[in-house]
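The block underneath contains the structure these notes are about, expressed in structure tokens.
The values are calculated or read from the model by the stated rules, or taken from the named source; none is laboratory data. Remember, it's a predicted structure, so these values are computed and weren't measured experimentally. Reconstructed Cβ throughout: ideal geometry from the backbone, glycine too, with neighbour counts over all protein chains shown.
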Amino acid sequence: MKLDAKPIKEYSTEVIKNFYSKGEIYKDYTNKHSFRSGEQFVYNNFFIKKGSLLDVGCGGGRTTFLIHQNFNKIIGIDINETLIKSAYETKQNEKIPIDFFVGDAVNLSFCNNYFDSVLFSYNGIEGILFQSDRFKCLNEIYKVLKKNGIFIFSTHSLFSWTYVSFHIKKLINLFTKMIPLLPNLYKEFDHLKLGDIFVKNAGFKMAWHITNPIMMIIYLKKAGFKLIYINNCERISRGLIKSSCFSIFGTQSVFYVTQKTDK
Ligand SMILES: C[S@@+](CC[C@H](N)C(=O)[O-])C[C@H]1O[C@@H](n2cnc3c(N)ncnc32)[C@H](O)[C@@H]1O
């Protein structure tokens with residue numbers, strides 16, 4: 001099937017910039033600097049302490065400010081200029097030694113083998129709508145990490161019941177397109193892949209990609225990462241801290257802790 005990329009592009013980078021720059025979401029990512037469920041446990045246990053860290057998709061610097069003391073050097077980048085401005089102002093006001101830059105996770109402009117650790121927190125990688133770009137992002141992170149460096153990120157899980165109604169709508173959309181004369185229900189889903197959903201903020205509608213954890217594990221391996229830990233925040237907060245096959249069924253964040261290996 002030939003995919004016309006144009007409609008989904010409209011929900012892509014430009015929209016992400018607007019989506020996070022307004023309303024409750026903007027306030028959420030700039031004002032409240034506290035850990036989300038499971039984050040503290042994962043970051044404390046798996047990052048390389050006192051090394052260098054790149055916080056990709058750092059937003060207003062929530063995670064960057066929370067963990068900066070564990071690293072000798074820390075840089076935060078985000079594609080959203082408004083959020084980076086806010087992070088920069090906070091850093092200036094509080095005199096915290098962090099560098100913030102506007103940057104795209106799909107095209108990282110750092111030297112190869114530069115960072116000990118990379119973070120893409122709070123499911124941010126799912127804002128990258130095309131699979132090819134998400135894979136490019138993994139390759140870019142691989143490049144800038146040192147040998148044996150640690151990359152931690154989280155995603156939602158396609159296997160969560162939360163998204164069932166979207167999957168059903170997408171399946172109805174596929175079905176009605178296959179049978180001539182049937183009305184094309186959910187036409188807006190025409191260009192979305194299974195796992196893509198819509199989210200709204202302050203009048204903006206944005207597409208978002210919910211991850212199939214099994215596919216993600218396959219892509220990580222292809223990109224040269226070894227998965228050393230996987231768990232979801234509900235299990236961690238219940239004290240179930242070991243990786244398990246149930247880890248991929250979380251309704252909020254599934255954490256992936258990976259290590260750069262030789263390809
Ligand atoms: C869910 S927010 C999380 C923000 C921050 N990490 C936090 O946890 O508070 C996702 C962030 O990823 C950023 N983002 C999405 N796509 C990006 C890309 N291609 N390059 C850099 N940042 C991106 C968004 O602008 C947004 O700030």
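Here are the numbers for the structure shown:
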item: Matching option when the condition is among the β-branched types (Val, Ile, Thr), at pLDDT 90 or above, in contact with a strand residue (DSSP E or B) (Cβ under 9 Å, 6 or more places away or on another chain) and away from the ligand (no atom under 15 Å from the Cβ), among 125, 172, 168, 150; result: 150
item: Among (1) modelled with pLDDT of 95 or more; (2) not in a helix (DSSP H, G or I) - the single one residue 136 does not satisfy; result: (2)
item: Which numbered condition residue 131 fails, given (1) modelled with pLDDT of 95 or more; (2) more than 13 Å from the ligand (Cβ to nearest atom); (3) not hydrophobic (A, V, I, L, M, F, W, C); result: (1)
item: Any hit, the stretch 207-223, residues being modelled with pLDDT of 95 or more, part of a loop (DSSP other than H, G, I, E, B) and closer than 20 Å to residue 150 by Cα; result: no
item: Number of positions in the stretch 224-263 that are outside any loop (DSSP other than H, G, I, E, B) and of a type in the set (S, T, N, Q); result: 6
item: Residues of the stretch 78-117 satisfying the condition of being buried (at least 20 other Cβ atoms within 10 Å of the Cβ), touching a residue at least 60 places away in the same chain (Cβ under 8 Å) and not in a helix (DSSP H, G or I); result: 79, 80, 115, 116, 117
item: Subset of the stretch 47-61 [in a strand (DSSP E or B) and within 12 Å of the ligand (Cβ to nearest atom)]; result: 54, 55, 56
item: Test: residue 143 is among the basic types (Lys, Arg) and crowded, with 17+ Cβ neighbours inside 10 Å; result: no
item: Residue match in the stretch 111-124 (condition: in contact with a Pro (Cβ under 9 Å, 6 or more places away or on another chain) and not polar (S, T, N, Q)); result: no
item: Selected residue (only one of 112, 93, 44, 72 is modelled with pLDDT under 95 and more than 9 Å from the ligand (Cβ to nearest atom)); result: 93
item: For residue 28: the one exception among (1) touching a residue at least 12 places away in the same chain (Cβ under 8 Å); (2) surrounded by fewer than 20 Cβ atoms within 10 Å (Cβ to Cβ); (3) within 13 Å of the ligand (Cβ to nearest atom); result: (1)
item: Of residues in the stretch 1-12 being within 10 Å of residue 206 (Cα to Cα) and not hydrophobic (A, V, I, L, M, F, W, C), the one modelled with the lowest pLDDT; result: 10
item: Selected residue (criterion: modelled with the lowest pLDDT) from residues of the stretch 13-39 that are among the charged types (D, E, K, R) and under 27 Å from residue 255 (Cβ atoms); result: 32
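For (1) in contact (Cβ under 8 Å) with a residue 12 or more places away in the chain; (2) of a type outside the set (S, T, N, Q); (3) within 21 Å of residue 139 (Cα to Cα), each residue gets a yes or a no:
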{"residue": "206", "(1), (2), (3)": "yes, yes, no"}
{"residue": "211", "(1), (2), (3)": "yes, no, yes"}
{"residue": "223", "(1), (2), (3)": "yes, yes, yes"}
{"residue": "230", "(1), (2), (3)": "yes, yes, yes"}
{"residue": "233", "(1), (2), (3)": "yes, yes, no"}
{"residue": "243", "(1), (2), (3)": "yes, no, no"}
{"residue": "247", "(1), (2), (3)": "yes, no, no"}
